[in-house]
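Okay, so here's the structure we're looking at.
The values are calculated or read from the model by the stated rules, or taken from the named source; none is laboratory data. Since this is a predicted model, take the numbers as computed values, not measurements. Here Cβ is always computed from backbone atoms with ideal geometry, including for glycine, and neighbour counts include all displayed protein chains. Calculation scope for accessible area: heavy atoms of the full protein, side chains included, ligands and nucleic acids excluded. Shrake-Rupley method; radii C 1.70, N 1.55, O 1.52, S 1.80 Å.
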Protein chains: 2
Amino acid sequence: MRIGFLQLRPRFGAVKENVRKAAALLDKMSDAIIVLPELFNTGYLFRNGSELAELAERVPDGYTTVEMQKLAKRRKLTLVFGLAQKHKGAVYNSAVCVTASGKVEAYQKAHLFDREKLFFARGKTLKVVPAGGAKLGLMICFDWIFPEAARSLALQGAQILCHPANLVLPYGQEAMRTRCIENRVFAVTANRIGSERRGTICLTFTGGSQIVSPTGEVLASASDRSESLRVIDVDIGVANDKNVSPNNDIFADRSPSLYGALVRKRR
Amino acid sequence: MRIGFLQLRPRFGAVKENVRKAAALLDKMSDAIIVLPELFNTGYLFRNGSELAELAERVPDGYTTVEMQKLAKRRKLTLVFGLAQKHKGAVYNSAVCVTASGKVEAYQKAHLFDREKLFFARGKTLKVVPAGGAKLGLMICFDWIFPEAARSLALQGAQILCHPANLVLPYGQEAMRTRCIENRVFAVTANRIGSERRGTICLTFTGGSQIVSPTGEVLASASDRSESLRVIDVDIGVANDKNVSPNNDIFADRSPSLYGALVRKRR
């Protein structure tokens, strides 16, 4: 099975240009599961809710999803990409998965970062999507800091954590290696590069997109400076083996009766 | 507040020698919280259950706990150390905490590694101990691979993960940095060094004991070759601040209603 990432430098607000560039780069690929960055079609630093609403799109009938769906069918790809999703009067920071067979699924980000809280609604469901011959656990960027997100997806059968990102904190890539080790799954983090400045706010995105194995090995990675498409072959079955020693299946070894604090409501 | 580790190379079965050596090294210290390795008094590679039972001790009245208790009082120390604990007809792989004021608490390891399952009973409670002016979350070695352990302790108020270890896998130290970042707590991993051989089994312990800050910074660390005592000053209050951005308190941002899979019983 072939899995990979497309690391990009989107231009803020230039949706058609960003989608066309991604599509052109991907049009050389086929038969693979490929992850793109969070909000790859719009850029990240929205000035306010109305600017966001103008750039948000419906799923599955918005421009970006339609174009990516065409590409997925034409090239036999499974694509996971981030966009701002208009849904029932709100806007979500979503990861959309489209497949060659026409499936479209969206995960709405459950853990919003910083100013995202001002504009985006918070997702209320985690999502595992069977696609391209694997079970994909959808995560977006800041979800990485909550071990419960990756763990829940893995317990629900995810074999690959598909992780569109716009990482600005320095820890995400290392933490995703731990997510792989503790869950014995693959992870594909597709980060973006470049900077965005709006008013007094300036963000620099850290690149370093990576594909990590269930033992925490970095199988492929990108720099923090250039757009980059990497696809590699993996044996997806490795993610079904949760044994870390002759006597330890780390899923069977969990002690759910001790973990009550994790699901208690906060005061 | 001063926190630290004592990395040791125990000699298998030589309980008095191991305890005396540790006590001699610690007798220069005072007013600190210091973590020692898992099973620091016995060594690790028990041949069978009866050999383990011979080396196991009661808490608080066994030899090792009594000696460490005396040391804690004399030097105003809080000590966290691993031993094989005889308790109600079973033997546990335990972390004992003794304080200058005479408190003694034991945490019985909840996630047993490999052959430990053949001899040790599994602990049924996680434990946060107020001691030495901080709240100590007790973890032992392989507990590191279960994010639920550190998370549960942090949610119950732990400011320092005290982590006696006999690490043999290569991932534990990096994962503990992630445990700190995702929970915004300190961690002190006290690992051992050296090798043990019994019959066909040979284990080499990886050393690399470390003190990590709530932002994942390694504040002090040891090599994989020598016994080492390191104590540093930290501002424990940093562990109470769960903010990673102006809008993100990562504990308040958790979505417990999404994490049901984590407490579901396995089939």
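A few comments on the model shown:
- Residues in the range A:40-59 that are in contact with a helix residue (DSSP H, G or I) (Cβ under 7 Å, 6 or more places away or on another chain) and not polar (S, T, N, Q): A:PHE40, A:PHE46, A:GLY49, A:LEU52, A:LEU55, A:GLU57, A:VAL59.
- Just one of (1) facing chain B (nearest Cβ under 8 Å); (2) farther than 15 Å from B:ALA261 by Cβ; (3) open to solvent by less than 10 Å² (accessible area, probe 1.4 Å) fails for A:PRO147. It is (2).
- Any hit, the range A:233-241, residues being within 17 Å of the chain's Cα centre (by Cα), open to solvent by 30 Å² or more (accessible area, probe 1.4 Å) and touching a residue at least 60 places away in the same chain (Cβ under 8 Å): no
- Condition met for B:LYS16 (out of contact with any strand residue (DSSP E or B) (no Cβ under 8 Å at 6 or more places or on another chain), touching a residue at least 24 places away in the same chain (Cβ under 8 Å) and farther than 29 Å from B:ILE201 by Cβ): no
- Exclusive hit being more than 20 Å from A:LYS103 (Cβ to Cβ), in contact with a Phe, Trp or Tyr (Cβ under 6 Å, 6 or more places away or on another chain) and surrounded by fewer than 16 Cβ atoms within 10 Å (Cβ to Cβ), set A:GLY49, A:GLY43: A:GLY49
- Any hit, the range B:156-173, residues being more than 17 Å from the chain's Cα centre (by Cα) and crowded, with 19+ Cβ neighbours inside 10 Å: no
- If you filter the range B:164-188 down to residues that are part of a strand (DSSP E or B) and more than 14 Å from every other protein chain (Cβ to nearest Cβ), you find that the one that is farthest from A:PRO147 (Cα to Cα) is B:PRO164.
- The sole residue among A:GLY132, A:GLY137, A:GLY102, A:GLY123 that is touching a Leu at 6+ places or on another chain (Cβ under 6 Å) and among the small types (Gly, Ala, Ser) is A:GLY137.
- Long-range neighbours under 9 Å by Cβ, at least six apart or interchain, first residue part of a strand (DSSP E or B) within the range A:23-40, second of a type in the set (S, T, N, Q): A:ALA32/A:THR78; A:ILE33/A:THR78; A:ILE34/A:THR78; A:VAL35/A:THR189; A:VAL35/A:SER209
- Among residues of the range A:202-228, those that are open to solvent by less than 50 Å² (accessible area, probe 1.4 Å) and touching a residue at least 40 places away in the same chain (Cβ under 8 Å), counted: 10
- Any hit, the range B:53-60, residues being modelled with pLDDT of 95 or more, in contact with a Phe, Trp or Tyr (Cβ under 9 Å, 6 or more places away or on another chain), among the hydrophobic types (A, V, I, L, M, F, W, C) and not in a helix (DSSP H, G or I): yes
- Every listed requirement among (1) within 14 Å of another protein chain (Cβ to nearest Cβ); (2) under 12 Å from the mean Cα position of the chain (by Cα); (3) open to solvent by less than 10 Å² (accessible area, probe 1.4 Å) is met by B:LYS127 save one, (3).
- Subset of the range B:242-267 [in contact with a Leu (Cβ under 6 Å, 6 or more places away or on another chain) and either open to solvent by 20 Å² or more (accessible area, probe 1.4 Å) or hydrophobic (A, V, I, L, M, F, W, C) (or both)]: B:LEU258, B:ALA261, B:LEU262
- Among the residues of the range B:76-122, the one identified as open to solvent by less than 40 Å² (accessible area, probe 1.4 Å) and of a type in the set (Lys, Arg) is B:LYS109.
To keep it simple, each residue is scored yes or no on (1) away from chain A (no Cβ under 14 Å); (2) touching a Gly at 6+ places or on another chain (Cβ under 6 Å); (3) at positive phi.
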position: B:THR200; (1), (2), (3): no, no, no
position: B:GLY216; (1), (2), (3): no, no, yes
position: B:ASP235; (1), (2), (3): yes, no, no
position: B:PRO246; (1), (2), (3): no, no, no
position: B:ARG254; (1), (2), (3): no, no, no
position: B:LEU258; (1), (2), (3): no, no, no
